[in-house]
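Colleague: Before I ask anything, let me first share the structure, which is written out below as structure tokens.
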Amino acid sequence: MQKYELGVVIRPTLSEEAVQGVVEKLKSTITAQGGTVHNVDFWGRRKLAYPIDKQKEGYYVFIQFSLSPRNVAEVSRVARYTEDILRHILVKEEEKPEKPAVAQVSDASTQPE
């Protein structure tokens, strides 16, 4: 299982319940593909940098999840063809390498005798 983050901008003309419905649709698609949703970060309604489909605002939502790489295309497809989603981006999260333990050198051993 690989970790991913899906960012979507949802049409601002929807009600709060309809926005939650779009988020639930995405979450159910992830779980139907065998993945697990870790976090849903709802930023709320924000101004867009440029108009998209004559819309100047949108609801920003970020979903962090784990899913098999072969099933991630279905999540992207659902986001692409959902009419209420203005834009989406699906990013694979890089695994952070563990830092090697650094041996501490005592001051006494570094001083000349």
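Colleague: State which residue pairs qualify: first residue more than 9 Å from Ile63 (Cα to Cα) and inside segment 5-18, second residue among the polar types (S, T, N, Q) and outside any loop (DSSP other than H, G, I, E, B) in any location, beta carbons under 9 Å apart, and separation of 6 or more residues or different chains.
Modeller: Note: pairs meeting the criteria are Val9/Gln55; Arg11/Gln55; Pro12/Gln55; Thr13/Gln55.
Colleague: Give the residues of segment 1-21 that are of a type in the set (Gly, Ala, Ser) and more than 15 Å from the chain's Cα centre (by Cα), sorted by residue number. Explain how you work it out, then say what you get.
Modeller: Keep residues of segment 1-21 that are of a type in the set (Gly, Ala, Ser), which gives 7, 15, 18, 21.
Selection gives Ser15, Ala18, Gly21.
Colleague: Take the residues in segment 77-106 that are of a type outside the set (A, V, I, L, M, F, W, C) and under 12 Å from the mean Cα position of the chain (by Cα), then tell me which one is modelled with the lowest pLDDT.
Modeller: Step one: of segment 77-106, the residues of a type outside the set (A, V, I, L, M, F, W, C) are 77, 80-84, 87-88, 92-100, 104, 106.
Remaining after also requiring under 12 Å from the mean Cα position of the chain (by Cα): 88, 92-93.
Numbers: His88: 96, Lys92: 93, Glu93: 89.
By that ranking, first place goes to Glu93.
Colleague: Given the residues Phe65, Phe42, which is the only one that is aromatic (Phe, Trp, Tyr), touching a strand residue (DSSP E or B) at 6+ places or on another chain (Cβ under 9 Å) and over 12 Å from Val8 (Cα atoms)?
Modeller: Numbers: Phe42 fails: over 12 Å from Val8 (Cα atoms).
That would be Phe65, the only listed residue that is aromatic (Phe, Trp, Tyr), touching a strand residue (DSSP E or B) at 6+ places or on another chain (Cβ under 9 Å) and over 12 Å from Val8 (Cα atoms).
Colleague: Here's a follow-up. With the condition kept exactly as written, say whether any residue in segment 65-85 is touching a Pro at 6+ places or on another chain (Cβ under 9 Å) and surrounded by 18 or more Cβ atoms within 10 Å (Cβ to Cβ).
Modeller: So the first thing to find is which residues in segment 65-85 are touching a Pro at 6+ places or on another chain (Cβ under 9 Å), and the list is none.
Within segment 65-85, not a single residue is touching a Pro at 6+ places or on another chain (Cβ under 9 Å) and surrounded by 18 or more Cβ atoms within 10 Å (Cβ to Cβ).
Colleague: Here's something else I'd like to know. Select from segment 22-44 the residues that are without any contact (Cβ under 8 Å) to a residue 60 or more places away in the chain, surrounded by 14 or more Cβ atoms within 10 Å (Cβ to Cβ) and either more than 15 Å from the chain's Cα centre (by Cα) or not in a strand (DSSP E or B) (or both) and list them in ascending order.
Modeller: Passing the criteria: Val23, Lys25, Leu26, Lys27, Thr29, Ile30, Gln33, Gly35.
Colleague: Considering only residues that are in contact with a helix residue (DSSP H, G or I) (Cβ under 7 Å, 6 or more places away or on another chain) and in contact (Cβ under 8 Å) with a residue 60 or more places away in the chain, which ones fall in segment 54-91?
Modeller: Once the filter is applied, which keeps residues that are in contact with a helix residue (DSSP H, G or I) (Cβ under 7 Å, 6 or more places away or on another chain) and in contact (Cβ under 8 Å) with a residue 60 or more places away in the chain, segment 54-91 yields Phe65, Leu67, Val75, Ala79, Thr82, Asp84, Ile85, His88, Leu90.
Colleague: Scan segment 28-43 and give yes if some residue there is over 26 Å from Glu95 (Cα atoms) and out of contact with any Cys (no Cβ under 8 Å at 6 or more places or on another chain), otherwise no. Outline the logic, then answer.
Modeller: Here is the first cut: in segment 28-43, the ones over 26 Å from Glu95 (Cα atoms) are none.
Scanning segment 28-43, I find no residue that is over 26 Å from Glu95 (Cα atoms) and out of contact with any Cys (no Cβ under 8 Å at 6 or more places or on another chain), so the answer is no.
Colleague: For Tyr59, are the conditions met, namely being hydroxyl-bearing (Ser, Thr, Tyr), exposed (fewer than 15 other Cβ atoms within 10 Å of the Cβ) and in a strand (DSSP E or B)? Don't jump to the end; show me each part of the working.
Modeller: Details: hydroxyl-bearing (Ser, Thr, Tyr): yes; exposed (fewer than 15 other Cβ atoms within 10 Å of the Cβ): no; in a strand (DSSP E or B): yes.
No.
Colleague: Additional query: I'd like to verify a number: residues in segment 1-35 that are of a type in the set (Asp, Glu) and in contact with a strand residue (DSSP E or B) (Cβ under 7 Å, 6 or more places away or on another chain), how many?
Modeller: Residues in segment 1-35 being of a type in the set (Asp, Glu) and in contact with a strand residue (DSSP E or B) (Cβ under 7 Å, 6 or more places away or on another chain): 1 in total.
The values are calculated or read from the model by the stated rules, or taken from the named source; none is laboratory data. Here the structure is a predicted model, which means the values were calculated and not measured. Cβ sites come from the backbone with ideal geometry, for glycine too, and all protein chains shown count toward neighbours.
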